[in-house]
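To keep things clear, I will list the structure first and then write my remarks on it.
Please treat every number below as a calculation from the coordinates, not as lab data. Predicted model, so just to flag it, every value in this text is computed and none were measured. Backbone-built Cβ (ideal geometry, glycine too); neighbour counts: all protein chains shown.
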Amino acid sequence: MHISEGVLSGPVLIAGAALAVAGTAIGLKKIDYDHIVHVAILASAFFVAALIHVNIGPSSAHLILNGIVGLLLGFSAFPAILTALLLQSIFFQYGGLTALGVNTVVMAAPAVAVHYLFLPFIGRSPRMTFIMGFLSGMAAILFSSLLLGLALWFTDENFFKTSLAVILANLPVMVIEGIVTGFCVSFLLKVYPEIISKKKANHD
């Protein structure tokens with residue numbers, strides 16, 4: 001899901017950087033002192049998830065967890081994901097510094113989207129909570145794949161087949177992320193419901 005350096009065109013990189021700066025600025029304003037720990041923990045989970053690769057045919061994929069990050073953080077997912085991607089770029093050469101803005105938007109914008117789409121339905125019933133969690137995880141990967149594909153396509157229309165391949169390659173990840181997110185949200189609602197109820201009460 002990381003776009004490497006030297007792939008995207010200048011205008012796409014600039015647009016991605018501008019959107020990432022705007023999203024991060026909004027996210028930082030929405031972080032209060034009580035939620036700093038939550039942001040740090042979820043950023044760490046996002047960072048670690050990318051290190052766990054699963055072989056799918058001749059290629060491999062990894063968990064992203066931007067669905068659960070978005071559900072619990074809203075716009076604060078932008079600074080959390082930006083920080084994790086920056087560290088991944090520095091320590092493991094995932095993506096690159098020039099593509100950092102685009103990679104942040106590709107993963108953080110869908111996180112914010114699922115926050116607004118699915119959080120209001122979390123907690124209505126155990127079944128509804130799991131279903132909404134599942135849809136959050138799946139939709140976040142789907143939206144990220146589409147954004148990544150668009151970034152490639154806007155760089156060069158010849159990347160259309162590559163964009164389609166990226167989306168298809170992430171189909172198994174969508175299902176896995178959906179299941180993981182569904183179970184995580186259901187578990188959190190049982191053991192730490194405040195993390196969700198407070199976010200719903202202060203729904204951005």
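Results, tabulated for the structure shown:
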| read-out | value |
| --- | --- |
| Dipole of the chain, positive end: most advanced residue of LEU28, TRP153, PHE187 [Cβ charges, Cα centre] | PHE187 |
| Within a Gaussian network of the chain (alpha carbon springs, distance under 10 Å), most fluctuating of SER145, SER89, SER136 | SER89 |
| Length gained when the stretch LEU28-SER4 is fully extended (0.36 nm per residue, less Cα-Cα span) | 6.0 nm |
| Highest average packing first - 17-23, 187-193, Cβ atoms within 10 Å | 17-23, 187-193 |
| Contour minus Cα-Cα distance for ILE36 and VAL175 (0.36 nm per residue) | 47.1 nm |
| The range 73-204 - charge dipole about Cα centre, Lys and Arg +1 at Cβ, Asp and Glu -1, debye rounded to 20 | 520 |
